[in-house]
1. Counting only residues that are more than 20 Å from V234 (Cβ to Cβ) and away from the ligand (no atom under 12 Å from the Cβ), which one in the range 274-289 is farthest from the chain's Cα centre (by Cα)?
2. Which condition number in (1) free of Cβ contacts under 8 Å to residues at least 60 places away in the same chain; (2) under 24 Å from Q243 (Cβ atoms) is the one that L160 fails?
3. Determine the pairs where a residue that is in contact (Cβ under 8 Å) with a residue 60 or more places away in the chain and over 16 Å from L145 (Cβ atoms), located within the range 51-78, has a partner that is within 16 Å of the ligand (Cβ to nearest atom) and in a loop (DSSP other than H, G, I, E, B) with Cβ atoms under 8 Å apart, the partner being 6 or more residues away or on another chain.
4. For the structure I just gave you, tell me whether N54 is open to solvent by 40 Å² or more (accessible area, probe 1.4 Å), in the same structural domain as L145 (by TED's automatic domain parsing) and within 20 Å of the chain's Cα centre (by Cα).
5. List the helices (runs of 4 or more DSSP H) inside the range 262-325, counting only whole elements, that have at least 3 residues being in the same structural domain as A43 (by TED's automatic domain parsing).
6. Is it true that some residue in the range 60-76 is of a type in the set (S, T, N, Q), under 16 Å from T307 (Cα atoms) and open to solvent by 50 Å² or more (accessible area, probe 1.4 Å)?
7. Of all residues in the range 298-316, which are away from the ligand (no atom under 15 Å from the Cβ), in contact (Cβ under 8 Å) with a residue 12 or more places away in the chain and more than 20 Å from Q37 (Cα to Cα)?
Amino acid sequence: MSVGISDWGGVPASWNRRHLLGIEGLSADEITLILEQAERFRAVLMRDKGYENNDRKIPLLAGKTCVNLFFENSTRTKTSFSLAARRLGMDVVDFSASTSSLSKGETFIDTVKNLEAMQVDAIVVRHSCPGTAMLLAENIRANVLNAGDGAHEHPTQALLDILTIRQRFGRIAGLTVALVGDIAHSRTARSNIWGLKTLGANVILCGPSTLVSRHWESLGVSVSYSLDKILDRVDVFNLLRIQFERQVIRPFPSTREYSHLYGMDAGRLSRTKSDVLIIAPGPINRGLEVTPDVADGQHSAILDQVTNGVAVRMAALWMCINEKK
Ligand code: NCD
């Protein structure tokens, strides 16, 4: 059997957002709605029972067009958004900032308005400047999906992280999730904090004091400067990349010292809970945040996250473009 558009049903009536700009401000119900739709799309992608579509497609958005507007490098997010849009039947255009008229002095908003005049329906944007997605949403008619704005938010990354955790544990509430590493420069950290807290998880931020400020505690999370001290009470470790490209001053003396204090390796893994889950947004610096044996080991769900990324982005595109308002 294969599932078609007519079997799918509409966007849940309680969803009424045109854009996905961040996780901050989403309710637990809204987050759960996206996760549930993502589970259904994942079943199509994986050709699970009842969803045996041969081409892994469900063309709910056929005839619509999506532009990928990436001003920062990306492997997973860009490919995953493109695949998600194509699996939904959309046409996808990749915009290359470096070869565009931005280099001739055209403003960002003019560039985007020109793209919009070509009747595009959705814009997926990644930019080094926080607030870019919000700026676009305020200035254009198309649906805007934030694929990362500076160190601010990366909503689909958090959703795919949370989906991966929920698949493994069946819940988020009551779990203890540690975000380890470069909290100061990580948009993934911010989006994870909002999402995990909203769904009832306990969140610990762990890293050197130059990258994790005690001010974060005002968001209802706890802070630990010792990874060793929290190993035995954490259910999920989300190992965040050291964002060298965003750091103005190097926050630790050497990468060797960082991995010695905060790297997840086999020795540390052996002191964690027996069902601990290791996730990382990628890319990983093997040997720095995590050793290869742990990254590729049985506790790691790093590649499951990538699979879930396509499903989450299908859900986000479909729900925003077909919002019920
Ligand atoms: C993250 C990002 O770009 O913020 N990666 C990703 O989207 N897969 C995290 C990172 O770059 O470290």
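The values are calculated or read from the model by the stated rules, or taken from the named source; none is laboratory data. In this text, all values refer to a predicted model and were calculated from it rather than measured experimentally. Methodologically, a virtual Cβ is constructed for each residue, glycine included, from the backbone with ideal geometry; neighbour enumeration extends over all protein chains shown. Note: accessible area is taken over every heavy atom of the protein model, side chains too, but ligands, DNA and RNA are not part of it. Shrake-Rupley method; radii C 1.70, N 1.55, O 1.52, S 1.80 Å.
1. The qualifying residue farthest from the chain's Cα centre (by Cα) is G287.
2. All conditions pass for L160, except number (1).
3. What qualifies is T75/G282; T75/P283.
4. Numbers: open to solvent by 40 Å² or more (accessible area, probe 1.4 Å): yes; in the same structural domain as L145 (by TED's automatic domain parsing): yes; within 20 Å of the chain's Cα centre (by Cα): no.
The answer is no for N54.
5. On the way: elements: 266-269, 292-295, 302-321.
Where helices (runs of 4 or more DSSP H) fall fully within the range 262-325 and carry at least 3 residues being in the same structural domain as A43 (by TED's automatic domain parsing), they are 302-321.
6. Yes, some residue in the range 60-76 is of a type in the set (S, T, N, Q), under 16 Å from T307 (Cα atoms) and open to solvent by 50 Å² or more (accessible area, probe 1.4 Å).
7. Listed by number, the residues that qualify are H299, S300.
Residues checked against (1) closer than 20 Å to A315 by Cα; (2) of a type outside the set (G, A, S):
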site	(1), (2)
L69	yes, yes
K78	yes, yes
S82	yes, no
G105	no, no
V124	yes, yes
E138	no, yes
A142	yes, no
A151	no, no
